[in-house]
């Protein structure tokens, strides 16, 4: 059984690993038919019904979450100096999700702001490899994305039950985004076969970074 505590720990481990790695035609009918009246427009159901819109006080982002998150922070030593990573974690019965961010060392921030493609690609590759390596995750699909002009990756992965700290296979999806002064991570983990893809898409789409970030 996938437990809340262990999934929450796993998303935090992945976030820390990512930081460490990134910063080092139709057929015509024969006879005419009477057109049917247009259907009355209906509002599609909200996949995130009941979720709150969360905006923290410390940094500029907004996302819809199932509930108020557990906010955690940790100072992580890197080759470029100590960096603080802040994590917003929500744990549920068979799933956990996370939004996290950390500042970038000055030299990296300057290169990202200048649009240095090699640096940005290396950060995204390193973030992916660090997170996957730390939890024995296997990438199933990966897409390059751009969010408000910022480069990122959308990664679908699995963790086999033999490598999972929960003892059960896990499905996961993550986004890693690099802005001129910050690395962002959005992550969802769930028991294999039980993740609601429509809900995950809506959660990811709800994440917005403030223009100043």
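Of the residues making up segment 46-55, not a single one is part of a strand (DSSP E or B), in contact with a strand residue (DSSP E or B) (Cβ under 8 Å, 6 or more places away or on another chain), at pLDDT below 90 and exposed (fewer than 14 other Cβ atoms within 10 Å of the Cβ). Would you mention how many residues in segment 76-124 are in a strand (DSSP E or B) and under 17 Å from residue 174 (Cα atoms)? Qualifying residue count, segment 76-124: 15.
Okay, residues lined up against (1) at pLDDT 95 or above; (2) at negative phi:
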position: 126; (1), (2): no, yes
position: 129; (1), (2): no, yes
position: 141; (1), (2): yes, yes
position: 148; (1), (2): no, no
position: 154; (1), (2): yes, yes
position: 159; (1), (2): no, yes
position: 165; (1), (2): no, yes
position: 168; (1), (2): no, yes
position: 178; (1), (2): yes, yes
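Every listed requirement among (1) within 16 Å of residue 204 (Cα to Cα); (2) surrounded by fewer than 13 Cβ atoms within 10 Å (Cβ to Cβ); (3) in contact with a strand residue (DSSP E or B) (Cβ under 6 Å, 6 or more places away or on another chain) is met by residue 75 save one, (1).
If you scan segment 170-209, which residues turn out to be surrounded by fewer than 20 Cβ atoms within 10 Å (Cβ to Cβ) and over 30 Å from residue 45 (Cα atoms)? Hits for segment 170-209 are 180, 181, 182. Residues that are closer than 14 Å to residue 182 by Cβ and out of contact with any helix residue (DSSP H, G or I) (no Cβ under 6 Å at 6 or more places or on another chain) do occur in segment 122-137. Given the structure, is residue 132 buried (at least 17 other Cβ atoms within 10 Å of the Cβ), touching a strand residue (DSSP E or B) at 6+ places or on another chain (Cβ under 8 Å) and assigned to a helix (DSSP H, G or I)? For residue 132, the condition - buried (at least 17 other Cβ atoms within 10 Å of the Cβ), touching a strand residue (DSSP E or B) at 6+ places or on another chain (Cβ under 8 Å) and assigned to a helix (DSSP H, G or I) - is met. Confirm whether residue 145 is touching a helix residue (DSSP H, G or I) at 6+ places or on another chain (Cβ under 6 Å) and more than 17 Å from residue 62 (Cβ to Cβ). No.
The values are calculated or read from the model by the stated rules, or taken from the named source; none is laboratory data. The shown structure was predicted, so the numbers you read here are calculated from the model rather than taken from an experiment. All Cβ positions, glycine included, derive from the backbone under ideal geometry; neighbour counts span all protein chains shown.
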